[in-house]
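Q: Below are the C-alpha cells for one structure; questions will follow.
Where a number appears in this text, it was derived from the coordinates with a stated rule and is not lab data. If you're wondering where the values come from, they're calculated on a predicted model, not measured in any experiment.
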Amino acid sequence: MNIFLESTDRLSLLADADIVIEYFANRSGHVNNAERLMEIITTWKIPLFVTDSCRERLRCSIGKLGEEFLISTFDELFSKRIVVAEAHIIDRARSSKLKSFEAALEIALATELNIVAIVTASPEKSSTFYLSILTV
C-alpha cells in the first residue's frame, strides 16, 4: 500500500474527490462546505486522506486553467496523504453495487486502510455501506 498513515488510534478521514475539487475550483455557491471541512481538519489536526484519482481529476480540470499553483498547493497539503488503489482494491470496487465507481473505490480504500469515515457533500453516492459517511 502506498500510504503514510500517521496513527491507528487517531481519527482519520478520506475526502471525497468532489469536495476537494470544489475547494480548489473555488466555485461560487459550492466552496463553503469544502472551506468548512478544510478549516475543521486544520483546526483539529485530523488526518485527511485523498485518492490518487482525486489528484488526477484536479489536474485535468483545474490544471487546464493554467493555475499550476493550485496543483502545487494540493501537493503540499496532501503530500503524504494520497492513497493509491492497488489491483485488489480496484477489483473490489468493480464488484460493488454502487452506481458510482469512484464512490465504490473510495469505500474500498477506506475499508482496506481502516479509515473511519468518508467526508462528502453527496452522501447519497455511498449510502448503502457500513462505513461512516460524514457530510459538510
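Q: How would you classify the range 13-135 from its alpha-carbon gyration tensor, with a ≥ b ≥ c the square roots of the eigenvalues: rounded for a/c under 1.5, else prolate if a/b is greater than b/c, otherwise oblate? Mind showing how you got there, number by number?
A: Working: a/c = 1.58, a/b = 1.39, b/c = 1.14.
Cα axes put the range 13-135 in the prolate bin.
Q: Give a residue-ordered list of calculated ³J(HN,Hα) values for the range 112-121 (Karplus: 6.51 cos²θ - 1.76 cosθ + 1.60, θ = phi - 60°; whole Hz; x for Gly, Pro).
A: My calculation for the range 112-121 gives 4, 9, 6, 7, 6, 7, 10, 9, 8, 9 Hz in order.
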